[in-house]
1. Which of (1) surrounded by fewer than 19 Cβ atoms within 10 Å (Cβ to Cβ); (2) over 20 Å from Gly150 (Cα atoms) is the odd one out, the single condition Leu389 does not satisfy?
2. When you go through (1) in contact with a Ser or Thr (Cβ under 8 Å, 6 or more places away or on another chain); (2) in a loop (DSSP other than H, G, I, E, B); (3) without any contact (Cβ under 8 Å) to a residue 60 or more places away in the chain one by one for Gly226, which number turns out not to apply?
3. Return only the number of the condition from (1) out of contact with any strand residue (DSSP E or B) (no Cβ under 7 Å at 6 or more places or on another chain); (2) β-branched (Val, Ile, Thr); (3) in the same structural domain as Ile57 (by TED's automatic domain parsing) that Thr286 does not satisfy.
4. In the range 224-244, which residue that is surrounded by fewer than 23 Cβ atoms within 10 Å (Cβ to Cβ) and within 20 Å of Ile340 (Cβ to Cβ) is farthest from the chain's Cα centre (by Cα)?
5. Could you check Asp145 against (1) acidic (Asp, Glu); (2) at pLDDT 95 or above; (3) out of contact with any helix residue (DSSP H, G or I) (no Cβ under 6 Å at 6 or more places or on another chain) and say which number it fails?
6. Out of all the residues in the range 263-277, is one or more under 16 Å from Gly352 (Cβ atoms), part of a loop (DSSP other than H, G, I, E, B) and of a type in the set (S, T, N, Q)?
7. If we scan the range 210-228, do we find a residue that is charged (D, E, K, R), under 15 Å from Ile346 (Cβ atoms), in the same structural domain as Lys56 (by TED's automatic domain parsing) and out of contact with any Gly (no Cβ under 6 Å at 6 or more places or on another chain)?
8. So which residues in the range 291-305 are more than 19 Å from Asp263 (Cα to Cα) and hydrophobic (A, V, I, L, M, F, W, C)?
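The values are calculated or read from the model by the stated rules, or taken from the named source; none is laboratory data. No experiment lies behind these values; they were computed from the predicted model shown. Cβ placement follows ideal geometry from the backbone for every residue including glycine, while neighbour counts extend to all protein chains displayed.
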Amino acid sequence: MFSCRIRAAHCLGAGNDSLPFYAEMHGPQLIFTIKTEADHMKPILCGIDRIEADPKILKNQKVGLITNHTGVSRELDSTIDILKESGNLVCLFAPEHGVRGELQAGAAVSDSVDRNSGVKVYSLYGKNRKPTEAMLRDVDALVYDIQDVGARYYTYLSTMACGMEAAKNAKKKFMVLDRPNPLGGVKTEGDILNSEFSSFIGRYPIPARYGLTTGELAGLINCEFGIGCDLEVVKMDGWKRDRYFEETGLDFLPPSPNIPTLDTALAYIGTCLFEGTNVSEGRGTTQPFLMIGAPWMDGFRTTQELNRLDLPGVKFCPCYFTPTFSKYEGKHCEGIRIQIRDKYRIQPFRMGVAILCSLQKNYEEFSFLPPYKAGGTAPFDLLAGTKELQAAIQSGNVDSFLKDADSRLAGFEKIRNQYFLY
């Protein structure tokens, strides 16, 4: 007996609208299910919407809020403003990019006072990476409300974990206001991070694409990795695991300056790896992580080779760009543009690895960046969570690596299924 799920072509619904349908195989039976527009666009309430509808959830609780510009209600009202108006908000904690999303990647965040609310802001992306006991002295609950992108290599997840540790140490409640995983909650991809490569861009042994909501991931981290804080997740109403973000009816606010679209978030699972190479990942352009290039690349030739691989759900075309910042700032680059044709079929991690293999094989100029300091770890290995992937690309033995990674991924899936909330 086995079970699989196929997203088939579209069928015609009432009024000749094109509606997606799915074929699910359970043992010998093939069952077709039509997903109507109504199924996919039923209103979803995030954690903050439930707080707004039922203030008793935070009744008499003084709140320290870890958030940014993505912490909004269904009607795009800021979580900051909602909790300020309810009288719960005591202080704010700012992750990378700032509490209002005003800073570029890697820029230090300073303590400040939020201009809109007048509330004190403590930085969690400067000298402090977690709230101190003094910061939490007047707080009953430390609340987290940030939209993630579904990728392990994202500092917001480390900020959440550090907040959970701080709440545990200070004997405070830690509450997650849950939000959809923009890449859905079904698929997982990539290798499991080796704990030797733990860093602020990837702290725990989870895969590149983990297929959990923020609240579910918090539950897994809390139990599996020994934090043990007093965790409460304010669940969503109406979200289903097979929903990508555009099927939620919610507005997508870019979680950071270089993830401007949902296609970017999906490609990022594979193309973030290019941050560890001497190839531009498109930072400093209007399509970061969807354009890959360098002054020495031949975009047309690379496009032809990659399209011959016939990777599922994606096509490539040549592109030309001049980054305004980051790698090759002010220099003309050639490369490839990633065109996502089918988000249900694309395997972005394997796609990223395939592009890396092509560049390794065809360009003497291609290289992996060295460690930032003597004795340190190469940036690529921190992102990959292992030395094995770089070695496999350089040796041309990627198939063996991916097979082993899939085996490790299967082990993670058995664990993560225990933390499903939906």
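1. Tallying (1) surrounded by fewer than 19 Cβ atoms within 10 Å (Cβ to Cβ); (2) over 20 Å from Gly150 (Cα atoms), Leu389 fails exactly one: (1).
2. Among (1) in contact with a Ser or Thr (Cβ under 8 Å, 6 or more places away or on another chain); (2) in a loop (DSSP other than H, G, I, E, B); (3) without any contact (Cβ under 8 Å) to a residue 60 or more places away in the chain, Gly226 violates only (1).
3. With (1) out of contact with any strand residue (DSSP E or B) (no Cβ under 7 Å at 6 or more places or on another chain); (2) β-branched (Val, Ile, Thr); (3) in the same structural domain as Ile57 (by TED's automatic domain parsing) applied to Thr286, the lone miss is (3).
4. My answer is Asp242.
5. (3)
6. no
7. Looking through the range 210-228, none of the residues is charged (D, E, K, R), under 15 Å from Ile346 (Cβ atoms), in the same structural domain as Lys56 (by TED's automatic domain parsing) and out of contact with any Gly (no Cβ under 6 Å at 6 or more places or on another chain).
8. Ala294, Trp296, Met297, Phe300
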